[in-house]
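Some notes on the structure that comes next.
The values are calculated or read from the model by the stated rules, or taken from the named source; none is laboratory data. Not measured: the values here are computed from a predicted model. Please note: Cβ atoms are built from the backbone with ideal geometry, for glycine as well, and neighbour counts cover all protein chains shown.
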Amino acid sequence: MSDSKRITLQQAAEVVKNGSSLTFSGFTIWRRPFALVFELIRQQRRNLHLIEVNGGPHTEFLVGAGCVDIWESCWVGHELYGKYGANLSRKVANREIIVEDYSHAEMMFRFAAAAQGAAYAVTQTSLGTDIHNPEYDMLGRAGLRDGKRIAKHKYLFADDPFYGAGSQVLIPAPKVDIAVMCVQQVGEEGTVRVNGQYYSDPEAARTADITIVMAEEIVPEEYLRRNADINTIPSFEVDYILECPFGAHPTGMFGRYDVDGAFLKDFYARTRTQEGFDDFAKAWIHGLDHISYLEKLGWPRMLGLKANTALNYSPRATKGGK
């Protein structure tokens with residue numbers, strides 16, 4: 001096995017420096033790189049700039065821990081386990097964080113443009129909405145649009161010069177330092193195979209200067225080459241890999257384990273205040289590593305979340321409900 005890309009969880013967190021811009025794998029409550037998120041909180045990373053197609057519980061943990069200064073996205077929450085991001089909401093109300101709001105489609109178009117090497121995307125999405133109100137260009141109002149790592153403009157308007165289709169919105173491709181991915185399998189050389197929906201993972205990996213892949217298991221590259229057509233990200237787009245079983249918990253890993261809804265509901269209920277978040281972090285993050293975190297959760301709980309290999313979900317875990 002080649003060790004040229006393989007690092008530990010602690011080393012992966014050290015790749016992320018104070019002030020880094022980050023993006024993540026997955027979608028809302030699926031395949032979020034929680035083991036690494038928790039390690040960033042333990043290492044007290046600060047001044048992070050999150051740029052996401054959409055947020056999720058990982059966003060809420062980083063924001064609640066005071067790691068994030070800027071968040072660019074469209075939505076954050078826990079789906080049916082907590083509809084909105086209470087920690088982000090609190091930080092916004094206290095003017096402790098800058099939020100730059102785009103529509104969901106605009107965020108995806110931005111990443112697609114960056115993945116293609118384009119400077120911007122062209123769309124008509126969100127025309128006529130307050131997303132394009134200059135009063136809500138929060139990075140501009142903060143004087144942070146330097147044209148280097150942050151675009152000079154949040155958006156620009158231009159008339160279609162080809163077909164006369166009217167006003168178009170030009171939105172900048174993001175500049176991302178590090179993409180942190182959480183997947184089922186990665187090869188020894190960095191080839192990624194995502195089972196189930198891969199969301200915007202390929203675009204995230206191509207956009208970032210550095211891509212870190214945290215996988216449930218590291219497998220031989222020869223195995224992934226047998227069915228290369230179902231691989232998701234090529235090895236040359238991946239800089240670092242690490243093996244971390246159950247690394248997405250409390251979010252889910254399709255085919256491996258379900259979302260831990262009870263954990264997320266408890267987090268949502270207990271972290272409406274900063275004191276509540278600090279107590280939760282003391283119980284579940286600080287003073288632990290990934291193995292002791294899993295030991296605290298306990299094997300009965302984790303086995304209850306384990307997916308049936310024929311169904312790709314756990315028939316034991318409760319789905320839906322209030």
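In the range 277-322, the residue that is farthest from residue 266 (Cα to Cα) out of those that are among the β-branched types (Val, Ile, Thr) and either loosely packed, with under 14 Cβ neighbours inside 10 Å or without any contact (Cβ under 8 Å) to a residue 60 or more places away in the chain (or both) is 309. Could you check the range 179-208 and list, in sequence order, the residues that are more than 23 Å from residue 152 (Cβ to Cβ) and either in a strand (DSSP E or B) or in contact with a Cys (Cβ under 6 Å, 6 or more places away or on another chain) (or both)? Hits for the range 179-208 are 179, 180, 181, 182, 183, 184, 185, 186, 187, 192, 193.
So that you can scan it fast, the table gives a plain yes or no per residue for (1) outside any loop (DSSP other than H, G, I, E, B); (2) out of contact with any strand residue (DSSP E or B) (no Cβ under 9 Å at 6 or more places or on another chain); (3) charged (D, E, K, R); (4) surrounded by 21 or more Cβ atoms within 10 Å (Cβ to Cβ):
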position: 87; (1), (2), (3), (4): yes, yes, no, yes
position: 105; (1), (2), (3), (4): yes, no, no, no
position: 112; (1), (2), (3), (4): yes, no, no, no
position: 117; (1), (2), (3), (4): no, yes, no, no
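If you take just the helices (runs of 4 or more DSSP H) that sit entirely in the range 250-322, which of them hold at least 3 residues that are over 30 Å from residue 96 (Cβ atoms) and at pLDDT 95 or above? It comes to 290-297, 299-305. Would you say residue 223 is surrounded by fewer than 24 Cβ atoms within 10 Å (Cβ to Cβ), among the aromatic types (Phe, Trp, Tyr) and in a loop (DSSP other than H, G, I, E, B)? Taking the combined requirement at face value, the residue does not satisfy it. When each of 178, 218, 230, 150 is tested for being modelled with pLDDT of 95 or more, among the hydrophobic types (A, V, I, L, M, F, W, C) and surrounded by fewer than 16 Cβ atoms within 10 Å (Cβ to Cβ), the lone residue that passes is 230.
What residue, of 30, 75, 71, is out of contact with any helix residue (DSSP H, G or I) (no Cβ under 6 Å at 6 or more places or on another chain), buried (at least 24 other Cβ atoms within 10 Å of the Cβ) and not polar (S, T, N, Q)? Talk me through it step by step, then tell me what you get.
On the way: 30 fails: buried (at least 24 other Cβ atoms within 10 Å of the Cβ); 75 fails: buried (at least 24 other Cβ atoms within 10 Å of the Cβ).
Just a single option satisfies the conditions, and that option is 71.
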